[in-house]
Amino acid sequence: MKNFTLPKSPTGIQGLDEVTNGGIPKNRSTLLLGNTGSGKTILAMEFLVNGIVLFDEPAVFMAFEEKKENLLMNLKSLTYNLDTHIENNKIYIEEVLINPDEMLETGIYDLEGLFVRLEQAINKVMAKRVVLDSVDKLFYGLDNKILRSEFLRLLSWLNKMKVSSIISSEIGDHFLTHRGIEEYVADCVILLDNRVTNQIATRRLRIIKYRGSIHGNNEYPFTIDEKGISVYPIISEAFQPEPTSKRISSGIEDLDEMLGKKGFYEGSSILISGTAGTGKTSTAASFAYSVCKANKRCLFCAFEEAPKQIIRNMGSIGFHLNQLVKSGILTFYYSRPSLQNLELHFLAIKKIINEIKPTVVILDPITNLMTEGPNSDIRSMLTRFIDFLKTQHITVMFTAAITVGSIERNPSDEGISSMVDTWMMVQDIEINAERSRSLCVMKSRGMVHSTDVRKFKISTKGITLLRIAANNKGPLADSKRKAKEHDNLSTSKESIWVKESPVNENTK
Amino acid sequence: MRIQNKITILSAILFEKKLITMSKKIADNIKVNTQALKDNGGKYILCLFVSGNLPNSASAIVNIKAICEKYLKDRYELEIIDIYQQPDLAITEQIVVLPVLIKKFPMPKVRMLGDLSRTEEVLKGLGLV
């Protein structure tokens, strides 16, 4: 019994089987709790449909709440067309109507009628999977003491029938416990939740208990779309992707030079932070442009500017992205941060990543997403997202907008900067009443990198980084720099600050 | 003014028509009910669903028979159905709880759950109190 693992019945639902370490317990009952509209019926139905399609296990669905026609209609809108499965005798749906208005208790009773119907239904299709949705209808008008013992009998009976079952129920005010039916009677309890924080609703799933099996303890966000349920997949911490020593150009020659003359590591994470108008998006676009020019796919996730606007703006500095979008090598994902929760953004992005398999993903700006949800969540989510990208060997570039003067104190920025492999800062500096942009590499793991603060110049031909000329009184303004450079060339003895030969702008 | 008048008259007619159809419907209903009453001689139609001879079911049979003999002598039709023998009826009659006595006539339909040991409740369900 050393390597004994509990037999499991895979749900086939993306992410859920990972969280449950293989599915729900086979031939046993799983309690599915959740409020109205939390997705119980869909999850349960997907368990059955996947059972039929993927594992050839016929199914029985006992509908306590909805009429069969309504149920089928609702599911059709989610691309579950059960008609063929019904015809092929793969699924049997039965309505169980309970009308408390016409009921009157006159003595002791049991749920034998339900058992008879279940047995008949199971035998009809030789079912291996059963769903009772949702049993709290039973609780209206029936005696709780009787129901409690009958409920226990139901669980052991289903076990005896060798069917894996999901029994769903409302949770309102600790519903089951309130009714004297504690959750502990079931072998596995899954809780669904649809919570609204900051006016953004997120569906979450949590496994409260799972007898005899390890399982994820966290709350996992999930979505319901036309393809059904997806639980946000978890990347196990144990998995360590093999890092590569391959390099990828940043698209800015001078920046590559600062980064050990080769650029970023492939599959690394890069952060560009800076105040507004310092050229973050331009740097990111430049990276995207060079990636695409090298015939590699790139996904540009824009959370601030609309893609069309980015295309126009970047055209003005020599990056003609339009062609790349048309040829399909550059994909834009554009969404408003407030549209949905951060995790759901990541989920959506992840779906696109799985479809187009990009080499590089750009998120511009990540800080816009940060306004949604508390900070601790964001950190863990970003870590998971970065982990995911690392396993896929995808290079990711984040841009982060920070407010002036708060570079050290900005918690969200700090939170990300410790996570990423390469961190660059773009800043405004003022020299002799002249504003200019500057860029420096704050850190870059695993490579020798320049510690210079370079002048960051955006022109119609793209981005160039210039050395800042300085005398012993500090950096020089652009107008004086040229003169200084000239001086340096003629009298190199005077050069105090510039150690290497200065870069002439004209050669760029 | 004229138009206004016409509208009032028209709506009055419509309203009257509605009333007539409504009362017709009610009358129809009564007719059907009385028809049914005549058909079975105004008898109560009762269906008792049981699960084999499990204790609750056995006592339900004893109890209902006693109640019917005492309160509804010669005024009832009682059918006892073993759901194990006719499981299909569990679906058509929407049986969940057993034993259950369904009063099909007179209206309203009532489901009396349990072994029918609480006579007062049963009489309430039968509309006799």
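Mean per-residue shielding of peptide B:82-92 is 3, counting Cβ atoms of other chains within 10 Å of each Cβ. Annotation: amide H of residue B:110 within the under-5 Å range of B:103, sequence separation 5 or more or interchain, hydrogens built in the peptide plane. Accessible surface for residue A:225 stands near 40 Å², nearest 10, in the context of the full protein assembly shown (1.4 Å probe). Pairs from the table (A:26/A:68; B:65/B:103; B:65/B:124; A:280/A:443) lying more than 21 angstrom apart at Cα are A:26/A:68. Overall, the anisotropy analysis places segment B:46-86 in the oblate class: the square-rooted eigenvalues a ≥ b ≥ c of its C-alpha gyration tensor yield a/c not less than 1.5, with a/b not exceeding b/c.
With the charge dipole of segment B:40-125 set up from +1 on Lys and Arg Cβ and -1 on Asp and Glu Cβ about the Cα centre, the Cα lying farthest toward the positive end among the listed residues B:45, B:97, B:56 is that of B:45. Residue pairs exceeding 32 angstrom between C-alpha atoms, taken from A:67/A:227; A:246/A:455; A:124/B:43; A:308/A:357; A:67/A:350: A:124/B:43; A:67/A:350. Taking a ≥ b ≥ c as the square roots of the eigenvalues of the alpha-carbon gyration tensor, segment A:18-88 is classed oblate because a/c is 1.5 or more while a/b is no larger than b/c. Shielding by partners for peptide A:111-122, expressed as the average number of C-beta atoms from other protein chains within 10 Å of each residue's C-beta, is 6. Backbone phi angles across segment A:346-359, fed through the Karplus curve with coefficients 6.51, -1.76 and 1.60 (θ = phi - 60°), yield HN-Hα couplings of 4, 5, 5, 5, 4, 4, 5, 4, 5, 7, 9, 6, x, 8 Hz in residue order; Gly and Pro are listed as x. Computed with the Debye formula from one identical point scatterer per Cα of segment A:7-127, without solvent, the log10 of I(q)/I(0) at q = 0.17 Å⁻¹ comes to -0.99.
Please state the shape class of segment A:270-364: rounded when a/c is under 1.5, otherwise prolate if a/b exceeds b/c and oblate if not, all from the C-alpha gyration tensor. Intermediate results must be reported in sequence, preceding the final value.
Details: a/c = 1.63, a/b = 1.12, b/c = 1.45.
Because a/c hits 1.5 or more and a/b fails to exceed b/c, segment A:270-364 counts as oblate.
Near the amide H of residue A:91, within less than 5 Å, lie the amide hydrogens of A:59, A:86, all on another chain or at least 5 residues away, with H placed in the peptide plane.
The values are calculated or read from the model by the stated rules, or taken from the named source; none is laboratory data. Not measured: the values here are computed from a predicted model. Note: ideal-geometry Cβ built from the backbone for every residue, glycine included; neighbour counts use all protein chains shown. Side chains are part of the model used for accessible areas, which takes the heavy atoms of the whole protein and leaves out ligands, DNA and RNA. Shrake-Rupley method; radii C 1.70, N 1.55, O 1.52, S 1.80 Å.
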